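The values are calculated or read from the model by the stated rules, or taken from the named source; none is laboratory data. Since this is a predicted model, take the numbers as computed values, not measurements. Note: ideal-geometry Cβ built from the backbone for every residue, glycine included; neighbour counts use all protein chains shown. To get the accessible areas, we keep the full protein, side chains included, count just its heavy atoms, and leave off ligands, DNA and RNA. Shrake-Rupley method; radii C 1.70, N 1.55, O 1.52, S 1.80 Å.
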Amino acid sequence: MSWLVSRTERFLIAWTLGVSFMALGVLIYAWYAQTMDPALGALGYTILLSGLAFVYGAGREFRTGILPWRSMAVMAVASSAVMAGPMLAGYNGVAIVMLNIAATVILLVTAWDYWIGRAEARLTITLLTVLYVVTGLSFVPCAAVLLQAGEWHLSAAPSNWAEDLNIGICLTTLAGIGALSLALNQVRLARGHKRDAETDPLTGLLNRRALLGRIASEIEGPAALVIFDMDHFKTINDVHGHPAGDDVLRAFGEILALSCRSQGLAARLGGEEFALLLPGASLVTAAILADGVRTRLAKRHFTGHSGSFSSTVSAGVSCSGETAIDFDALLRDADNALYAAKRNGRDRVAVSSDDMELLADTRSMPDGQRGPIDLVRLKSG
């Protein structure tokens, strides 16, 4: 039912297979309890342990996105072997002890895998981890009672307080694990919808709405804003084709993402216009970074309908010294600087500032540290 409700998460498929194997193993165990046939016991327990291996695989796939077939196979074969040997040899008491120990280990390893990935949904995954730990530990008394009694040849299936406790806990926690697994799926779906709504599909950068949302809820001043605009982009599309134009936009998006990394927010505002918001950055720092972005794009080569070509970008930089960022003012000043860069020949950076000392500091940078940065005094408004 968990898988039928939502098939978007592949880990639910593995979890469904695991629970199905466990259910089949329990049915075969019920048959074994009536006949005490060692072959039936070995088969039922092997299927049950294989189901637990799939449950473990589901936890690993949830965290990594990859189903660990090899680890699952090793886990299922190894645990089944240490159980089936004594079972087929007539030592069903030993076999049941080994089954309980193996179940405990597998479930605790599964709990650990979920715990490692708890950052994705702390409360839900913490609860899920607890349920797996409780389920795994419930098998320990079953093994302890048999070990204490020293009963290695059983004429009937074990029936004691430990078995009753284990059954009650498993039935309860399995329902909780199923519900929490569905909840995790819903968390991922919601996060995916949010990511799609905030992300530009071509470049993978934030879109304009997402950038404004981050500024309003997360970013405090001072901050610098860089607006980039591709030079003669319509010509690229007309001469080399729109696929080539898309390649340029994607490449520039990669350059922006690598340039800011954890230091800022990169966004595609629309068309061939991009933005880079740098919290805490000065005008000089932002201008140097913008010029580095411009240089890296100029060095890239692309191929289109008319052969190989390169592309350039112009940039405008503005800076806010306010605690609360006025994005409209930042954007207006950066746009004014961008227009100046376009007027002065493109493939350059222009800054917007009334602080002439700051502009002088930028002029004094060694030539090797900056390219054509236009230091123009632009008043906002």
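Below, the figures for the structure above:
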read-out	value
Å² per residue, accessible surface of segment 104-208 at 1.4 Å	52 Å²
Percent of alpha-carbon pairs separated by more than 22 Å within segment 64-190	45 percent
Rounded to 5, percent antiparallel among DSSP beta bridges of the chain	70 percent
Computed over the chain: relative contact order in percent, which uses C-alpha pairs under 8 Å that are six or more apart	11 percent
With DNA, RNA and ligands ignored, accessible area of M75 (1.4 Å probe; Å², nearest 10)	40 Å²
Efficiency of FRET from Cβ geometry, E254 and L88, R₀ 41 Å, rounded to 0.05	0.10
Degrees separating the helix 10-35 axis from the principal Cα axis of the chain, which is the longest one	0 degrees
Probe 1.4 Å, accessible area per residue of segment 7-77, Å²	48 Å²
Estimated inter-spin distance, A119 and S310, nm [label 7 Å along Cα→Cβ]	3.9 nm
Estimated inter-spin distance, T64 and T172, nm [label 7 Å along Cα→Cβ]	3.4 nm
Extension reserve of the E151-A329 stretch, reckoned as 0.36 nm per residue once the Cα distance is removed	55.9 nm
Of all accessible heavy-atom area on the chain, the percent that carbon and sulfur account for (1.4 Å)	60 percent
Share of Cα-Cα pairs in segment 1-126 lying beyond 26 Å, as whole percent	25 percent
Estimated inter-spin distance, V74 and N344, nm [label 7 Å along Cα→Cβ]	6.2 nm
For segment 179-192, Karplus couplings with θ = phi - 60° (6.51, -1.76, 1.60), whole Hz, Gly/Pro x	5, 5, 5, 5, 5, 4, 4, 5, 4, 5, 4, 4, 5, x
Listed values (1) 31, 60, 9, 0; (2) 24, 32, 23, 18, 3; (3) 24, 30, 16, 25, 6, 0, entry calculated as P(r) over Cα pairs in 20 Å bins from 0, in percent	(2)
Unsatisfied cross-links (Cα-Cα over 24 Å) in the set K194/K342; K234/K342; K299/K342	K194/K342
Cα principal axis extents for segment 110-159, largest first, Å	48, 15, 12
For D231, distant residues with modelled amide H under 5 Å away	T312, V313, S314
For segment 246-327, accessible area per residue (1.4 Å probe, heavy atoms of protein chains only), Å²	42 Å²
